[in-house]
Amino acid sequence: MINHPEPDQPRQELEKQRADLLEKLAELDLQLADLRTELQAFERRYYQMVGHLYVELDEIQARLAEARARYAPEQPELWTAARHARHQAQQTAREYHDSGADLPEKEPPPPPDPDLKKLFRTIASQIHPDRAENEKSRQLRTELMAKLNAAYAQRDHQAMENILRHWRESPASVKGEDPAADLERLRRQIAQLQQRAVEREHELADLYDSERFRLLQQVSMAQDQGRDLLAELAEDILRRIRMARAALDETG
Amino acid sequence: MPNLEELGQLITIKTANLDAPASNLLRRGLEDALQLAADPRLSTLLQSLEHAPDWAEKIAVWEELRQFPPDTPGWVEGLRLLIYRGRGWPRLLAAEALAWHGQTPRDAIPVLSAALEVTLSLQRLDWARLVCGALGRYASLPRSIVAQAVPSLVDALYTKDPDVQGYAAQALQRAGELAYPALVRLAILTERSQPPLKDIFLATLKTIDPAIDQPLSALRRALDDKDPELRRRALVALAEWPSSITTILPDILQAARDEEPEVLQQLALTLGRQALDHSDSRAVLEDLATAGAPGVSLAAHYALVRFNHDTAKHQRAIRRGLRETDPSLRRLAARILAEVGASHSWQTRRALHKALHNETDPETRTTLQKSLSRLEV
């Protein structure tokens, strides 16, 4: 629920409300950045450990289905099955290729330390685009916010400090001098910030609801019980590959 | 009674947007991982729920699955995946089991809403009751999917089955103020029913607006709603209200400021039907009779006849309505003449006969015939 500010709310109260919202938004941005990084790393690991095995399994199964169809040309359902299997193999190969898991791996960033997170919150709450007083300021803030996210993802403390310095030195960081207009701007900013916070919460909910998060959750739960679920999964697919290959060899 | 297979097929069609894509390596990995991680008995049951050809076996499996504690490894995920991989019945039964334990509303509610729509259209009220009960298990309906669940739940309030009505009302409590489209129907049900159902309906009204303390205050709230259809329906309900509504006459007359002709027309019909003869009502009606759109004007003349106010003049105005170019207006004139025609019966009958003779629109002819038979009785 969005609570729109009352028109006669005192300025101090509105400023406090804005500061709280900026802090909340910075925290949500941080959670989103961390979760995205974690999910990307997990997804890459999954595709590398398991994805390529599905590609291999589907390819052998497609070849097996095609071989069976060739041996019994009088059975049209075998050709249908072969076409389905080939289509599945092509889709799996395409998805694996699109994931980029077969490209050379970049060194994953270390987990963020508390100081880095604190710095992110501080900078994000100062430069956030929803604090912009005009279009020019909004553009600069949006650009800096993108740079901040990139620097945080690389755990680049120095680059983050530079962003903050750049911001403090820019004319856009200076406040206006028309009190009435400032107050109105403040109210609008609060409404925008509330809306942004709702949007971020939805984004987070979508990520928590995604297949990759659910898979990550299963893997973590198994890990708590001393099991490596991805390794077990890979082993299980390898077993199915061996069986399919044996069947293909038998078919000739 | 429609068979269960048809019901399952319709659920499959209604929820086709949930079908999993043919190739999705993450989902596939999740499914295979569950096979490895889940309790073996659970894996067997999930397989049976999806594939058992025998109906009794499917139901037995579903009942057993509902008894599992939801923190059983693989229980939530297994049922959730069944929603996206399964067809009609497995999809519905998985969604119901998840809802029974208040789990994964974003996945289960779209299936339950679609199933409610299907069960209501096929008149399978036994399953409609079960689905409403499942929707009511959630502590709250997420705002993002309320738009999907509320319309079917409101439709469920219109069934004749008190159990379905009660369960639907309880589920609507989870939508809070977003259940406002149910205001009018809940007000009617509260007025007509006895405890404990009456208490459930009233509790639901209170979740929509805590200021509502009785059915008439719900209608007062509906009269003030931004949705013109809800305002019109509130006036329709008031037209048939079994007890006195004079206490909220000022609120009713506020509708005279409405910009929607349908609302204004119903305002006049309600004032006439309830014979709310009062100086303020008469002033409103005189104004509507002269300055309103044709349908509004006809309804206002009707109400003034009901007030016995210059009856002959207003009856003439209604009879002129039989010559309107819009057939819906001719039908309205015919219907209201049948209701008020007794005092000038011969003139009314003659006008209706003449209109019937000239009428070419089949629906209007039927209305005219019904009005004539009503007057002749």
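The values are calculated or read from the model by the stated rules, or taken from the named source; none is laboratory data. What you see is a predicted model; the values in this text were computed from it and never measured. Neighbour counts run over all protein chains shown; Cβ positions are idealised from the backbone, glycine included.
Just to verify a result, which residue in the range A:198-233, among those that are under 15 Å from B:GLN35 (Cα atoms), buried (at least 18 other Cβ atoms within 10 Å of the Cβ) and aliphatic (A, V, I, L, M), is nearest to the chain's Cα centre (by Cα)?
Going through the qualifying residues, I end up with A:LEU215.
Of everything in the range B:287-329, what is under 15 Å from B:LEU253 (Cα atoms) and surrounded by fewer than 16 Cβ atoms within 10 Å (Cβ to Cβ)? Give them in sequence order.
Within the range B:287-329, B:ASP287 is the sole residue that qualifies.
Looking at the range A:210-230 only, could you name the residues that are more than 10 Å from chain B (Cβ to nearest Cβ), part of a loop (DSSP other than H, G, I, E, B) and on the phi < 0 side of the Ramachandran plot?
Selection gives A:ASP228 alone.
For the subset of the range B:33-81 comprising residues that are under 23 Å from B:THR15 (Cα atoms) and within 14 Å of chain A (Cβ to nearest Cβ), which member is surrounded by the most Cβ atoms within 10 Å (Cβ to Cβ)?
Per the criteria, the residue is B:LEU79.
Among the residues in the range B:127-146, are any away from chain A (no Cβ under 14 Å), at pLDDT below 90 and over 30 Å from B:ILE188 (Cα atoms)?
The answer is no; no qualifying residue exists.
Of B:LEU264, B:LEU276, which residue is at pLDDT below 90, among the hydrophobic types (A, V, I, L, M, F, W, C) and farther than 23 Å from B:LEU189 by Cα?
Of the residues listed, the single one that is at pLDDT below 90, among the hydrophobic types (A, V, I, L, M, F, W, C) and farther than 23 Å from B:LEU189 by Cα is B:LEU276.
For the range A:239-251, does any single residue satisfy the condition of being at the interface with another protein chain (Cβ under 8 Å from one of its Cβ atoms) and part of a helix (DSSP H, G or I)?
Taking every residue of the range A:239-251 in turn, none turns out to be at the interface with another protein chain (Cβ under 8 Å from one of its Cβ atoms) and part of a helix (DSSP H, G or I).
Identify all residues within the range B:107-147 that are touching a Leu at 6+ places or on another chain (Cβ under 9 Å) and of a type in the set (Phe, Trp, Tyr); write none if there are none.
B:TRP127
With a cut-off of at least 3 residues that are in contact (Cβ under 8 Å) with a residue 24 or more places away in the chain and closer than 23 Å to B:ARG233 by Cα, name the helices (runs of 4 or more DSSP H) lying wholly within the range B:262-358.
Helices (runs of 4 or more DSSP H) meeting the threshold: B:279-291, B:294-306, B:327-340.
Test B:GLU259 against the stated conditions and say whether it is among the charged types (D, E, K, R) and either touching a Lys or Arg at 6+ places or on another chain (Cβ under 6 Å) or in a helix (DSSP H, G or I) (or both).
Criteria not met by B:GLU259.
Of all residues in the range A:61-93, which are polar (S, T, N, Q) and surrounded by 18 or more Cβ atoms within 10 Å (Cβ to Cβ)?
Result: A:GLN61, A:GLN88, A:THR92.
Please find, within the range B:172-229, the residue that is surrounded by the most Cβ atoms within 10 Å (Cβ to Cβ) out of those that are over 21 Å from B:VAL131 (Cα atoms) and of a type in the set (Gly, Ala, Ser).
Restricting to residues being over 21 Å from B:VAL131 (Cα atoms) and of a type in the set (Gly, Ala, Ser), the top hit is B:ALA218.
Name the residue that is nearest to the other protein chains (Cβ to nearest Cβ), counting only residues in the range B:5-26 that are surrounded by 15 or more Cβ atoms within 10 Å (Cβ to Cβ) and at pLDDT below 85.
Filtering the range B:5-26 for residues that are surrounded by 15 or more Cβ atoms within 10 Å (Cβ to Cβ) and at pLDDT below 85, the one nearest to the other protein chains (Cβ to nearest Cβ) comes out as B:SER23.
Within the range B:333-366, can you find the residues that are basic (Lys, Arg) and either buried (at least 20 other Cβ atoms within 10 Å of the Cβ) or closer than 17 Å to B:HIS301 by Cα (or both)?
B:ARG335
For the range A:68-107, give me each residue that is within 14 Å of another protein chain (Cβ to nearest Cβ) and outside any helix (DSSP H, G or I).
A:GLY100, A:ALA101, A:ASP102
Could you check the range A:34-53 and list, in sequence order, the residues that are among the hydrophobic types (A, V, I, L, M, F, W, C), at pLDDT below 90 and out of contact with any Pro (no Cβ under 7 Å at 6 or more places or on another chain)?
Across the range A:34-53, there are no qualifying residues.
Collect the residues in the range A:144-165 that are more than 13 Å from A:GLN126 (Cβ to Cβ), without any contact (Cβ under 8 Å) to a residue 24 or more places away in the chain and either out of contact with any helix residue (DSSP H, G or I) (no Cβ under 6 Å at 6 or more places or on another chain) or not in a helix (DSSP H, G or I) (or both), keeping them in residue-number order.
A:ALA146, A:ALA150, A:ASP156, A:GLN158, A:ASN162
Does B:LEU36 satisfy being part of a helix (DSSP H, G or I) and over 30 Å from A:GLU56 (Cα atoms)? Even if it seems obvious, please write down each step before you answer.
Numbers: part of a helix (DSSP H, G or I): yes; over 30 Å from A:GLU56 (Cα atoms): no.
No: the conditions fail for B:LEU36.
Only residues in the range B:91-106 that are surrounded by fewer than 24 Cβ atoms within 10 Å (Cβ to Cβ) count as the first member; pair them with residues that are assigned to a helix (DSSP H, G or I) and among the hydroxyl-bearing types (Ser, Thr, Tyr), Cβ under 9 angstrom, at least 6 apart or cross-chain, and list the lot.
Close Cβ pairs (under 9 Å, with a partner that is assigned to a helix (DSSP H, G or I) and among the hydroxyl-bearing types (Ser, Thr, Tyr)) amount to B:ARG106/B:SER144.
Could you look through the range A:40-60, keep only residues that are of a type in the set (A, V, I, L, M), touching a residue at least 60 places away in the same chain (Cβ under 8 Å) and surrounded by 17 or more Cβ atoms within 10 Å (Cβ to Cβ), and pick out the one that is nearest to the other protein chains (Cβ to nearest Cβ)? Even if it seems obvious, please write down each step before you answer.
Quick first cut of the range A:40-60, residues of a type in the set (A, V, I, L, M) only: A:41, A:49-50, A:53, A:55, A:57, A:60.
Cutting the leftovers down to touching a residue at least 60 places away in the same chain (Cβ under 8 Å) gives us A:41, A:49-50, A:53, A:57, A:60.
Remaining after also requiring surrounded by 17 or more Cβ atoms within 10 Å (Cβ to Cβ): A:49-50, A:53, A:57, A:60.
On the way: A:MET49: 10, A:VAL50: 6, A:LEU53: 10, A:LEU57: 10, A:ILE60: 16 Å.
Selected residue: A:VAL50.
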